[in-house]
Amino acid sequence: MADVGVQTLLGKVDGLLARYRDHARMMWAVAPGWSTVSLLGTLVGAGALVLSMVATGQLIGALYEVLAHRADSQRAWWWFAAFVLAAVLGQLQQAVLAMANPRIWSPYRVMINDLLAETGMHSRSLAVLDGATAGELENLIKTSRQWLFRFGMTGIWQLLQTRLVGLGAVLVLVGWRWWAPLVVAAAFLLSSRLFSTWLDSVLDGMWGSTPPIERQRADYVAKVMASSGAAKEVRIFGLVDWLAERYRVLWHVAAAQFWHQLNRKLAPTFLGGLALLVVLGGTLSLLGWDAYRGMVNSSAVITYVLALLALNAFGMQGDQQAGLVQVGRLLNDLRTLRGRLDLPSLTPAEGEPIRGTPVPDAGIKFEGVTFTYPTRTVPTLSGLTLHVPAGQSIAIVGVNGAGKSTMIKLLAGLYQADSGSVTVGGRDAFADPALDRAVAVIFQDFIHYPLSLRDNVGFGALERRSDTELLERAMTDAAGRDVLASLDHAWDSVLSSEYEDGTELSGGQWQRIALARALAAVGAGAQILVLDEPTAALDVRAEAELFERFLSVTKGVTTVLVSHRLATVRRADRIVVLDGDTGKVTEDGTHDELLAQGGAYATMFRLQARRFAQAGDPDEGSD
Ligand SMILES: Nc1ncnc2c1ncn2[C@@H]1O[C@H](COP(=O)(O)OP(=O)(O)O)[C@@H](O)[C@H]1O
Ligand SMILES: [Mg+2]
């Protein structure tokens, strides 16, 4: 008969293991040694607690006998020794866990970070991050940073120990009435199951991977209220109260939606608690009755009471369990997401990092290229054809939204064309790993890394970040020597005032650093250099000067300049105009040729030139 109980419990253990199988595998993968130590410690700790349960009852019983002069003290001493042993082992186990835990969760965290990073970055294609995937990934990253998650990573030992003690308590109680531990454990189980279902729906509703849109908006508003980036506008336009009110309303709407559901689900949880009280109360009363009738001696009564209470092990275990649930859930979501992206489930993908090899001839060919963003239906480029011979400098001009940046993304292999081909030196720009690092691009929204100047420039040529000579040359060519000179710690200066001793730079200074990054890439072997309006914040004259300087320092490198200011690109070997609607090349030639043609370029150029003239200085002005 006891078999049935054991079966139920084994089933429960197996269910628990299934839920945390990924978690167990991860722990084993990141810290096999410390996981083994923790597991052994946990087994010993659980044994010690069961022993102390029995020893407490026996010790008290033996003392009673001694006091009643019915026995000598030898038995009491033995049980006292057992009790002390149990206490010492318990302490030892706590010490072992305290030592092991950080040695597990720290590499675990690194592993999770690696997996998350790989999930977002594994593909050269940006298409992966268009649409919902980026949001899902961001939620996973947020979850992985939470306190509860960190707690959950090592919570399994404490939980396992509690469950094992519960199992021990069942075995102890079988000696009294075999069904009693089963009924009480079942009551604990039921009430905890009901409670955790309720808790899951709380977590899901408010903090799950798809929280209500109002909550997401509320989060955003909260972020704006506290961000230093928005501080200027928030003050100037007096947005503080409005934002606070907005936050209150959004949060209210989000919470109201689901408090309602939650309240309804709360009733079964209450009933479960009530059932537990009745069962536990009944069982204790029965034990009292048995003791009163002399069927159970006093030692056993104490042990049984302790064991009955220890059956609580089958109930909810608070934060440990909640943390574990969160870990299990994150691993599950991450596995699903990675599966969708064809990545190995929870191990980093194998394989050497791909190294690019130089192409013999860095000419660029767009051949009948049509491209539609994954989130759109209308093509941004349709039937674009453009050949750029190696070593040529070409400027691409066109109205905002014409598709200039899109073209560059295709050239850099960040998206795949729907049809037609994009090749560099005859190699497929999207598919050929040999082109890795062949194209250096600085986009308008280049990143201001809050790291050292060396990193900010050196990221253009990662392997040669310590090659100061290369970096200095890049900085000089990017007209950034004065930026370097103005920094207190030269190449080691941190470029963010959010860090101690960090420096904040102006927009123009940042642009020079970005240009230096691109030039460092060229210095390290990139054969195509693209500047996609990274200088838009400079005035026209400064942009023109920079472009000119660029064209002279990058002689021999295939150079693509993108700008919507015609005056700044006139020195390029060749200029092409991209049509705003189809993203096709409509005009193609040198500055003088295009002016002579009298087409859109000529019209735009005259218009811009006239505006500068009206501003008083033909070279001054913005667009
Ligand atoms: N990631 C994207 N997803 C969807 N549409 C995009 C994306 N990036 C750009 N677009 C759209 O593609 C068109 C061309 O944009 P872009 O190439 O940036 O133009 P340009 O650089 O010439 O100003 C625009 O209509 C823009 O809104
Ligand atoms: Mg653009």
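Shown for Leu414, Leu519, Leu171: other C-beta atoms within 10 Å of each C-beta, ranked fewest to most, produce the order Leu171, Leu414, Leu519. In plain terms, the residue of Glu245, Glu118 with the fewest other Cβ atoms within 10 Å comes first and the most crowded comes last, giving Glu245, Glu118. Applying the Kirkwood pairwise sum to the alpha-carbon positions of the chain produces a hydrodynamic radius of 30.4 angstrom. Coupling constants for the stretch 333-340 follow from the phi torsions by the Karplus curve (6.51 cos²θ - 1.76 cosθ + 1.60, θ = phi - 60°), and in residue order they are 4, 5, 4, 4, 4, 5, x, 5 Hz; glycine and proline get x. For the chain, the residue among Ala520, His489, Val88 whose Cα projects farthest onto the positive side of the dipole built from Cβ charges is Val88.
Find the Rg to Rh ratio for the stretch 177-295, where Rh is the Kirkwood radius over alpha-carbon pairs and Rg uses the same atoms.
Here Rg/Rh amounts to 1.34.
Its DSSP H runs of at least 4 residues, each contributing -39,500 (n - 2.57), put the calculated 222 nm mean residue ellipticity of the chain at -20500 deg cm²/dmol, to the nearest 500. Remark: the stretch 25-36, residue by residue, has Karplus-estimated 3J(HN,Hα) of 4, 4, 4, 5, 5, 8, 8, x, x, 5, 5, 4 Hz, where x stands for each Gly or Pro and the curve is 6.51 cos²θ - 1.76 cosθ + 1.60 at θ = phi - 60°. Using the Cβ of Glu65 as centre and a radius below 14 Å, the other residues enclosed give a net charge of +1, where K and R count +1 and D and E count -1. With angles folded into 0 to 90 degrees, how steeply does helix 540-553 sit against the dominant principal axis of the chain? Use alpha carbons for both and round to 10. Tilt of helix 540-553: around 90 degrees.
Charge tally for Asp436 (other residues, Cβ to Cβ under 9 Å; Lys, Arg +1; Asp, Glu -1): +2. Residues with beta-carbon under 14 Å from that of Ala516, excluding Ala516: net charge, scoring Lys, Arg +1 and Asp, Glu -1? Within the 14 Å Cβ shell, the charges total +2.
Could you tell me what percent of the DSSP beta bridges with both partners in the chain are antiparallel, to the nearest 5? Given both bridge residues lie in the chain, the antiparallel proportion sits at roughly 50 percent. Number of Lys pairs in the chain with C-alpha atoms less than 28 angstrom apart, excluding same-chain neighbours closer than eight positions? Close lysine pairs found across the chain: 14. Note the angle between two axes, namely the Cα long axis of helix 147-174 and the longest principal axis of the Cα atoms of the chain, as a number of degrees from 0 to 90, rounded to the nearest 10. Approximately 20 degrees, to the nearest 10. Would you kindly state the longest site-free stretch of the chain, with sites defined as trypsin sites (Lys or Arg not before Pro) in a DSSP loop (not H, G, I, E, B) surrounded by at most 15 other Cβ atoms within 10 Å? Longest stretch, sites excluded: 377-554. Once you reduce the stretch 293-309 and the stretch 139-209 to the center of their Cα atoms, the two points are 26 Å from each other. Quick one: check the C-alpha center-to-center distance for the stretch 324-370 versus the stretch 451-487, whole angstrom. With the stretch 324-370 and the stretch 451-487 each reduced to a Cα centre, they are spaced 30 Å. Close amide H pairs (under 5 Å, H built 1.01 Å from N) link Ala395 with Leu561, Arg574, Ile575, Val576, residues at least 5 positions away or on another chain.
Throughout, read-outs are computed from the coordinates displayed, never taken from laboratory work. As the structure is a computational prediction, the values presented were derived from the model and not from experiment. Note that we place each Cβ from the backbone using ideal geometry, even for glycine, and neighbour counts take in every protein chain shown.
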